[in-house]
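These notes concern the structure reproduced below.
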Amino acid sequence: MQEIIAKYCRELRLGQGFVENYPTIEADTHEQFLLKLLQMEVERRAIHRKNRLLKQAGFPVIKTFAGLRFKFRIAWRWNHLKPGLLLETEKT
């Protein structure tokens, strides 16, 4: 039965949302069932349209330091520096 519904949805270009959502809908009347099914499909298409347009826009990706892991080690420590080393280089 579900295969036949999926075939008709493809033929009518209604999308997979109908096939995926109709078993989950509970309604008292046929009109309520149809209304809920259509609302779910409209919402699904709006989300897909928004995601598709955002992808096509090619906005730059926001990059942060949150996931960055440094893979190098510092070979010296602050206490290894000679006192006044910065002062000596600035004077010259």
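The values are calculated or read from the model by the stated rules, or taken from the named source; none is laboratory data. It should be emphasised that the depicted structure is a prediction, and the values quoted were computed from it without experimental measurement. Here the Cβ positions follow ideal geometry from the backbone for every residue, glycine too, while neighbour counts run over all protein chains shown.
Some notes on this structure:
- For region 40-69, a residue qualifies if it is among the small types (Gly, Ala, Ser) and part of a helix (DSSP H, G or I), and the qualifying residues are Ala46, Ala57.
- Among the residues of region 9-21, those that are surrounded by 12 or more Cβ atoms within 10 Å (Cβ to Cβ) and either of a type in the set (D, E, K, R) or farther than 14 Å from Arg45 by Cβ (or both) comprise Arg10, Val19, Glu20.
- If the condition is being small (Gly, Ala, Ser), exposed (fewer than 11 other Cβ atoms within 10 Å of the Cβ) and under 21 Å from Cys9 (Cβ atoms), then region 22-59 contributes only Ala46.
- Selected residue (criterion: modelled with the highest pLDDT) from residues of region 37-92 that are under 30 Å from Tyr22 (Cα atoms) and acidic (Asp, Glu): Glu43
- First in region 13-28 and part of a helix (DSSP H, G or I), second anywhere and not hydrophobic (A, V, I, L, M, F, W, C), Cβ under 7 Å, 6 or more apart: Gly17/Glu41; Gly17/Arg44; Phe18/Glu41; Val19/Gln2
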